[in-house]
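So the structure is just underneath, and the comments pick up after that.
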Amino acid sequence: MKVIKNYLYNAGYQLLAVLLPLITAPYVSRVIGAHGIGINTATNSTIQYFILLGSIGIGFYGNREIAYLRSNKHDMSRAFWEIQLLKIVMVTFSYGAFLVYLAFCPVYKEYMLIQSINLVAAAFDISWLYMGLEDFKKTVLRNTMVKLASAAMIFLFVKDAGDTWVYIFVLAISVLGGNLTLWPYIRKTLVKVDFKELHPFRHFKPTVTLFIPQIATQVYLVLNKTMLWAMVSSDVAGFYDRSDTLVKLVLTIVTATGTVMLPHVAHAFHEGDIKSVNDMTADSFDFVSCIAIPMFAGLAAIGQKLAPLFFGPQFKPVGMAVCLEAIVIVLIGWSNVVGQQYLLPTDRIKIYTGSVVAGAIVNLILNLPFIYLWGLHGAIMATVSSEVVVTGYQLWHVRKDLDLKKMFHNVPKYAFAGIIMFIVVNRICIVFSPQTTLQNIIMISLEIAAGVATYAFGLLLLRPTILFKLKDIITKVRSK
């Protein structure tokens, strides 16, 4: 039950983290416009490279190490301070590299300087400690307050196109504030460690091992925006960012299992319970498939209507981009289970690294011709192609270790119910064409409700095994 509770905490927070920008997005998109959104997208995509350099894979590595050592509070405390000291050193080095870059930066220098607050914030991010301890309540509740405060500041202080810098500042300072709020808890979580015991650089090599796949991941998560900015315009990079925002809203619900399951699987693996590791992976894959497929189908069905409604008429190109990108909800959901929930906690880093490097290479090769030929849609197609490669690579390499037949057993049932759902929702979208914003909101709400009902009815008819597992869980909850 702890895993389910942690999933709900993490899914709720991850959903809030994306939902709040979506609540503010209609306002911000109309106030600072496509150009302002494009500036934020372009400068933020650049600062992410320096954040990546400063973090050097510590998020995943620290999470896993804390999960391994949490039975011994002294060893866990020592590992925490060693990893954190290493991170501070690396972020300091990265900020120095950023200042060198800034000296030669041709445009948006003032915006880049504000974005660098995100880099400073990375030095104080210790969420990996609480994730390793499977204590998601602290991170969720504290960060929720910060996110709500940042949303309020956006509505209060961002008033026109000249406030683009204010918008960027509020987003960055909220990240820093959220990270700082986690520090007061460490006195109750850790024990005192002698400074002479600390050897932070012993963690350098294993973090670099995880740094390599993160570099590759960053290539096809951020490079698309950078290349759209360079090859087309910052406005089109902003369109890509808005499409990505809508897709990531849905994706957070799917991938929330990864953050929760990584320390759980890592602890079971460390204890030598391989059967539990394999069973948890299969169950997680089935659960992710069950929720990812209808979310992909639903978003693809309403994307063209939803995007202009959220972001305003000038963001109409986002609609088709969302429809094309929606399939990554399923692909990333699957690779999240196999990669982050199985390969990382079981220390099979080479396979994980190989998958994301292969995806990055495909993305790099396809980006140039695809963006040149099809612009925004080309970047989306390159992203989808990359995710196909990542997921396919991982599944191929674990085929002898995991029971893929068991993992995919219910997928045809979910797919069939999802197709019927797409047809129903898409047909409603075509038949009804509301004119006012209020009518559009009501219609989209009804379409979502119709989609959920159709998919649920399909599952009841097809009876996948997850229904019986859900029934058992509900029975256990009621018995308590």
Report task. Six or more apart or on different chains, Cβ under 7 Å: which pairs go from a residue in region 171-196 that's assigned to a helix (DSSP H, G or I) to one that's acidic (D, E)? Could you list them? Result -> N179/D125
Report task. Might you let me know whether region 290-303 holds any residue that is within 25 Å of L395 (Cα to Cα) and β-branched (V, I, T)? Result -> yes
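So that you can scan it fast, the table gives a plain yes or no per residue for (1) surrounded by fewer than 18 Cβ atoms within 10 Å (Cβ to Cβ); (2) among the aromatic types (F, W, Y); (3) at pLDDT below 90:
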site: N143; (1), (2), (3): no, no, yes
site: L156; (1), (2), (3): yes, no, no
site: T164; (1), (2), (3): no, no, no
site: F169; (1), (2), (3): no, yes, no
**Report entry** Residue ID - surrounded by the fewest Cβ atoms within 10 Å (Cβ to Cβ), chosen from residues in region 117-141 that are modelled with pLDDT under 85 and of a type in the set (V, I, T)
**Finding:** V140
Report task. May I ask you to verify whether L459 is surrounded by 13 or more Cβ atoms within 10 Å (Cβ to Cβ), closer than 20 Å to S284 by Cα and either of a type in the set (D, E, K, R) or at pLDDT 90 or above (or both)? Result -> yes
Report summary line: Per the filter on region 41-70, residues assigned to a loop (DSSP other than H, G, I, E, B) and among the hydrophobic types (A, V, I, L, M, F, W, C) are I56
Query raised in the report: With (1) at pLDDT 90 or above; (2) surrounded by 13 or more Cβ atoms within 10 Å (Cβ to Cβ); (3) of a type outside the set (S, T, N, Q) as the list, and A453 as the residue in question, which single condition is left unmet?
Result: (2)
Report task. For I23, indicate whether it is under 19 Å from N143 (Cβ atoms) and surrounded by 22 or more Cβ atoms within 10 Å (Cβ to Cβ). Result -> no
Report task. Mind telling me which of the residues S55, S45, S71 ends up being at pLDDT below 95 and surrounded by fewer than 20 Cβ atoms within 10 Å (Cβ to Cβ)? Result -> S71
**Report entry** Complete set of residues in region 376-411 that are surrounded by fewer than 22 Cβ atoms within 10 Å (Cβ to Cβ) and among the small types (G, A, S)
**Finding:** S385, G392
Requested in this report: Answer yes or no as to whether S150 is assigned to a helix (DSSP H, G or I), surrounded by 22 or more Cβ atoms within 10 Å (Cβ to Cβ) and touching a helix residue (DSSP H, G or I) at 6+ places or on another chain (Cβ under 7 Å).
Outcome: no
Report task. For region 128-147, enumerate the residues that are without any contact (Cβ under 8 Å) to a residue 60 or more places away in the chain and part of a helix (DSSP H, G or I). Result -> Y130, K138, L141, R142, M145, V146
Report summary line: With criteria (1) at pLDDT 95 or above; (2) surrounded by fewer than 21 Cβ atoms within 10 Å (Cβ to Cβ); (3) not aliphatic (A, V, I, L, M), E110 comes up short on (1)
Query - All positions within region 184-200 that are surrounded by 11 or more Cβ atoms within 10 Å (Cβ to Cβ) and under 29 Å from the mean Cα position of the chain (by Cα) - result: Y185, I186, T189, L190, P200
Query raised in the report: In region 312-334, what count of residues is obtained for those that are among the small types (G, A, S), more than 22 Å from G378 (Cβ to Cβ) and buried (at least 22 other Cβ atoms within 10 Å of the Cβ)?
Result: 1
Requested in this report: Run I291 past the list (1) modelled with pLDDT of 90 or more; (2) buried (at least 23 other Cβ atoms within 10 Å of the Cβ) and report the number of the one that doesn't hold.
Outcome: (2)
Query - region 143-201, residues that are under 24 Å from D235 (Cα atoms) and of a type in the set (D, E) - result: D160, D163
**Report entry** Count - residues of region 393-449 that are of a type in the set (A, V, I, L, M, F, W, C), over 17 Å from V337 (Cβ atoms) and not in a helix (DSSP H, G or I)
**Finding:** 1
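When region 215-248 is examined, which residues are found to be in contact with a Leu (Cβ under 6 Å, 6 or more places away or on another chain) and surrounded by fewer than 21 Cβ atoms within 10 Å (Cβ to Cβ)?
Residue satisfying the conditions is Q218 alone.
Listed residues I430, I466, I441, I380; which is without any contact (Cβ under 8 Å) to a residue 60 or more places away in the chain and of a type outside the set (F, W, Y)?
Values: I466 fails: without any contact (Cβ under 8 Å) to a residue 60 or more places away in the chain; I441 fails: without any contact (Cβ under 8 Å) to a residue 60 or more places away in the chain; I380 fails: without any contact (Cβ under 8 Å) to a residue 60 or more places away in the chain.
None of the other options fit; the residue is I430.
For V107, indicate whether it is part of a helix (DSSP H, G or I) and among the hydrophobic types (A, V, I, L, M, F, W, C).
no
The values are calculated or read from the model by the stated rules, or taken from the named source; none is laboratory data. In this text, all values refer to a predicted model and were calculated from it rather than measured experimentally. Don't worry about glycine lacking a Cβ; one is built from the backbone with ideal geometry, like all the others, and counts go over all protein chains shown.
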